[in-house]
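Undergrad: Just passing along the structure, written as structure tokens.
Nothing in this text is a laboratory measurement; each read-out follows from the coordinates by a stated rule. Please read all numbers here as calculations on a predicted model, not as lab measurements. FYI the Cβ positions are ideal-geometry reconstructions off the backbone, even for glycines, and counts take in every protein chain you see.
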Amino acid sequence: MKQIEIPQEENKTLNGHQKVMYAPNTNGEFQTFNYGSNIEEYATKLAVEEYEILQKECLENIKNNTSSPIEFYMYKNRMDIPTLASVVGFFQFRVKRHLKAKNFRKLNDKILQKYSDVFGITIDDLKGFNYGK
Amino acid sequence: MENSFKHNQFAHCESGVVSTLLTNYGLPISEPMAFGITHSLTFFYFPLIKLNNMPLIAYREVPKNIIKNIDKRLGVKIYKKQYKNMVEANNELTRLVQDENKLVGLQTSVYYLPYMPEDMRFHFNAHNLLVYGKENDEYLISDPVFEDVVRAKENKLTIARFAKGVFAPKGFLYYPQSIPKNIDYENILKKSIKKNAKSMTTPFPFAGVKGMKKLANAIEKIQNNNDERYVKNYLTHIVRMQEEIGTGGGGFRFLYSAFLQEAKQYNLDNNKLQTASELITQSGDILREFALKCVMGAKNIDRLNSQEIAKSLVEASKIEEEAFKILKTI
């Protein structure tokens, strides 16, 4: 059995932890090894950064009145539309409408409360949105 | 349970939990066995289903496949419960781990687990962990992908147990209730290995080795996409799906190879097991190389050669095809 190289690179996204993988030892038997992969680190970091970029872009869109605060909190909570729709219990087409500023203004407190609960914030955080400050 | 429980770290949450539970309740089953007996190795590429705007890619069977099949395959009886009421869910968990000193498995959302590193918090509702005790209002947790035991306050764990969305756990709790006396491993392993080999060589174009080739085609086409941000995210998404919580570097492949090695004790054709195990290990290694190429491609997007990247995936698919053709005849 050919030997597999066990990566021992730093992965800062794991906060000092290491994961485990199976690989053959010198006797050809499989056992677990702790490892650290900077490939995994890069992929995770990029996914985290993408949500940060989406949040920033969303703040600009809120300033120029196209997006709603719901979209901001969606990205802040690392959700996409299907996930948010599933969690809040609305159809995706409805959620898409709520992400637009012009529709957001017309939303009643009952709907806003549902979103607030999902995001762990208050209705005022949505209504009186202060650009995430 | 608190004093006598020994925590272990595993490659994958569901197989780790099932292995620990069965072993604890009197049936020593390793993680590779739990994974292999439930024929959990797979590949699935479905561009029409999107996750963060990216195509769905899976390297192992759907969550709960191990829990659902382990009782069928081994004849173990597993108590399974979901709850509508959070108070009832906590009362039962407390009673089981505190009063009855039992070890119990739970399905939870990664996003809401308080001990999860910040960068790892994504919405994935099918993470499995073990609870082995309770101290005041804190549950003592053995999370299979962490090196040491962790803790979570009841209110926080409840949020993780009742997260909504895809694969919503609904407080799902499970533990073995009875272990059969005689288990016919030889026949069970033969069936499971054949079943897994069939699913990896399925004619359905989006699954198994055909699915790997389909994804490879899609990766080749990305060369012509001018949206650099999308291409970067696409390539790293593929890597994340491969490396998802609990595994690393085509890790499910190494896990399955470990299973095939362990299966040698049960009167099957050991030459076939050895050959297939070596091939699947090789595939896991190539998939790691593939992941590296994806990341390098994303880092140096101006010099992207997606055909080169796709080649590795095709190579892995051919090797797996050879391995599973052998295993079909076990």
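Undergrad: Per q in 0.11, 0.15, 0.16 1/Å, what log10 I(q)/I(0) does a Debye calculation on the alpha-carbon atoms of the range A:1-114 return?
TA: Treating every Cα as an identical point scatterer, log10 I(q)/I(0) equals -0.57, -0.75, -0.79.
Undergrad: How many Å³ per residue does the convex hull of the Cα positions in the range B:249-309 occupy?
TA: Hull volume over Cα atoms, normalised by residue count, gives 58 Å³.
Undergrad: Considering every residue in B:109-120, what mean count of other chain Cβ atoms within 10 Å of its Cβ is obtained?
TA: Going residue by residue through B:109-120 and averaging, the value is 3.
Undergrad: Run the simple label-point estimate for B:Lys164 and B:Lys77 please: 7 Å along Cα→C-beta, distance reported in nm.
TA: Output for this residue pair reads 3.7 nm.
Undergrad: Using the Cβ atoms and a cut-off under 12 Å, what net charge is assigned to the surroundings of B:Gly16, where Lys and Arg are +1 and Asp and Glu are -1? All intermediate terms of the calculation are to be shown ahead of the outcome.
TA: Numbers: positive: A:Lys19; negative: B:Glu14, B:Glu31, B:Asp143.
Neighbourhood net charge equals -2.
Undergrad: With θ set to phi - 60° and the Karplus curve 6.51 cos²θ - 1.76 cosθ + 1.60, what are the ³J(HN,Hα) couplings of the range A:21-37 in order, to the nearest whole Hz, using x for Gly and Pro?
TA: Whole-Hz 3J(HN,Hα) from phi for the range A:21-37: 9, 9, 7, x, 8, 5, 8, x, 8, 7, 8, 8, 9, 6, 8, x, 10.
Undergrad: If I fit a long axis through the Cα atoms of helix B:208-221 and take the longest principal axis of the Cα atoms of chain B, what angle between them do I get, 0 to 90°, rounded to 10?
TA: Once rounded, the angle reads 50 degrees.
Undergrad: Run the simple label-point estimate for B:Asn225 and B:Ile49 please: 7 Å along Cα→C-beta, distance reported in nm.
TA: Label-label distance for B:Asn225 and B:Ile49, simple model: 1.9 nm.
Undergrad: Extending each Cα 7 Å along its Cβ direction at A:Glu29 and B:Met86, get the distance between those two points in nm, one decimal.
TA: According to this spin-label approximation, the distance is 4.7 nm.
Undergrad: Counting other Cβ atoms within 10 Å, which trypsin sites (Lys or Arg not before Pro) in the range B:24-126 have at most 10 and lie in a DSSP loop? Walk me through the intermediate numbers first.
TA: Values: sites: B:Lys50, B:Arg60, B:Lys64, B:Lys68, B:Lys72, B:Arg73, B:Lys77, B:Lys80, B:Lys81, B:Lys84, B:Arg95, B:Lys102, B:Arg121; in loops: B:Lys64, B:Lys84, B:Lys102, B:Arg121.
The qualifying sites are B:Lys84.
Undergrad: B:Lys264 to B:Arg95: extension gain in nm, 0.36 nm per residue of separation minus the Cα-Cα distance?
TA: Length gained, B:Lys264 through B:Arg95: 56.8 nm.
Undergrad: Quick one: longest stretch of chain A between exposed loop chymotrypsin sites (Phe, Trp or Tyr not before Pro), exposed meaning at most 12 other C-beta atoms within 10 Å and loop per DSSP? Don't skip to the answer; put the middle values down first.
TA: On the way: sites that count: A:Phe91, A:Tyr131.
Result, exposed sites excluded: A:1-90.
Undergrad: Next question. Report the paramagnetic label zone for B:Glu147: residues of the range A:19-33 whose backbone N is under 20 Å from a point 7 Å from Cα along the Cα-to-Cβ axis.
TA: A:19-23, A:31-33
Undergrad: Using a ≥ b ≥ c from the Cα gyration tensor of chain B (square roots of the eigenvalues), is it rounded, prolate or oblate, where a/c under 1.5 gives rounded and otherwise the larger of a/b and b/c decides, a/b for prolate?
TA: Oblate, since a/c reaches 1.5 and b/c is not below a/b.
Undergrad: Sticking with this one: What angle do you read, to the nearest 10 degrees and between 0 and 90, between the alpha-carbon axis of helix B:306-327 and the longest principal axis of chain B?
TA: Compared with the principal axis, the helix lies near 60 degrees.
Undergrad: A further question on this structure: Classify the range B:1-137 as rounded, prolate or oblate from the Cα gyration tensor: take a ≥ b ≥ c as the square roots of its eigenvalues, call it rounded if a/c is under 1.5, otherwise prolate when a/b beats b/c and oblate if not.
TA: Oblate is the answer for the range B:1-137, as a/c is 1.5 or above yet b/c matches or exceeds a/b.
Undergrad: Per-residue mean of other chain beta-carbon atoms within 10 angstrom of the beta-carbon, peptide A:80-91?
TA: 4
Undergrad: Using a Förster distance of 45 Å, how high is the FRET efficiency between A:Lys100 and B:Asn217, based on the Cβ-Cβ distance and rounded to 0.05?
TA: Between A:Lys100 and B:Asn217 the formula returns 0.80.
Undergrad: Same structure again: Check A:Lys19: other-chain or 5+ apart residues with amide H under 5 Å from its amide H, H built from backbone geometry?
TA: A:Tyr35
Undergrad: Expressed as a whole number of Å, what is the distance separating the alpha-carbon centroids of the range A:26-97 and the range B:1-30?
TA: Cα centroid to Cα centroid, the span is 32 Å.
Undergrad: In chain A, what % of DSSP beta bridges are antiparallel (nearest 5)?
TA: 90 percent
Undergrad: In a GNM of chain B with a 10 Å cut-off on Cα contacts, which of B:Glu320, B:Glu228, B:Glu138 has the highest mean-square fluctuation?
TA: B:Glu228
Undergrad: Under the classification rounded if a/c is under 1.5, otherwise prolate if a/b is larger than b/c and oblate if not, where does the protein assembly as shown fall, given a ≥ b ≥ c as square roots of the Cα gyration tensor eigenvalues?
TA: Here the protein assembly as shown falls in the oblate category.
Undergrad: Across the residues of A:31-42, average count of Cβ atoms on other protein chains within 10 Å?
TA: Averaged over the peptide's residues, the number is 5.
Undergrad: Right, another one. Just subtract the alpha-carbon distance of B:Lys195 and B:Glu118 from 0.36 nm times their residue separation and send over the number in nm, one decimal. Please report the intermediate quantities before stating the final value.
TA: Numbers: separation 77, 0.36 × 77 = 27.72 nm, distance 3.86 nm.
Fully extending the segment from B:Lys195 to B:Glu118 adds 23.9 nm.
Undergrad: Please list, short to long, the whole-number percent of alpha-carbon pairs of the range B:70-130 in consecutive 10 angstrom bins beginning at zero.
TA: 17, 41, 33, 9
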